[in-house]
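Step one of this worksheet: look at the structure below.
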Amino acid sequence: MKKMIIIGLVMYGAFQWYSNGNNDLAGSYGEPHNELIMYSLTTCGFCKQKAKALKEENIAFKEYFIDKDQKRMDELNAKLTKAGFKPKSYGTPLFDVHGVMLPNNPSMEKIKKHLQNG
């Protein structure tokens, strides 16, 4: 019985990982604005790569480090909740593009698409 529970939890975790890795995720939280906000971790290599790519494309953005700023972490979790996402269950970086949340290190194409639509 114990093995069945462990296998079930592993399978559920794999499903969540696969589902959350799908970059089609986007959700509006009802507060449109004119900014691109990137929520990062100071230790995240993907965050550093995405910041570099944004700078290379001359795309203006604000970057908040959620591991250093509890206020920004709380803000992010509130936005995710309002957008219909489960907070604290997504990979970094996460983006707020004109009031639309894009979790799990979305592609540059997806970010640009939402910038154009905003």
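Nothing in this text is a laboratory measurement; each read-out follows from the coordinates by a stated rule. For clarity, every value in this text was computed on a predicted model and none was experimentally measured. With ideal geometry, Cβ positions are generated from the backbone for all residues, glycine too; neighbour counts draw on all protein chains shown.
Name all residues of the range 98-112 having a backbone nitrogen under 16 Å from the label point set 7 Å from the Cα of E35 along its Cα→Cβ direction, giving them as ranges. Counting backbone N atoms under 16 Å from the label point, the list is 98-102. Amide hydrogen proximity for I59: with H placed 1.01 Å from N in the peptide plane, no residue at 5 or more positions away or on another chain lies under 5 Å. Converting phi to 3J(HN,Hα) with the Karplus coefficients 6.51, -1.76 and 1.60 and the offset θ = phi - 60°, the range 27-34 yields x, 7, 10, x, 10, x, 8, 10 Hz in sequence order, with x at every glycine or proline. When the trypsin sites (Lys or Arg not before Pro) in the range 39-72 are filtered for DSSP coil states and for at most 15 other beta-carbon atoms within 10 Å of their beta-carbon, the remaining sites are K68. Taking the average, over residues, of other Cβ atoms within 10 Å as the packing measure, peptides 94-106, 30-42 rank 94-106, 30-42 from highest down. Our estimate of slack between T81 and E56, defined as 0.36 nm per intervening residue step minus the Cα-Cα distance, is 5.9 nm.
The range 79-118: which trypsin sites (Lys or Arg not before Pro) are DSSP loop and have at most 16 other beta-carbon atoms within 10 angstrom? Walk me through the numbers before you get to the answer.
Details: sites: K79, K82, K88, K110, K112, K113; in loops: K88.
Qualifying residues, ordered by number: K88.
With neighbour counts taken as other beta-carbon atoms within 10 Å, the residues T43, T92, T81 rank, fewest first, as T43, T81, T92.
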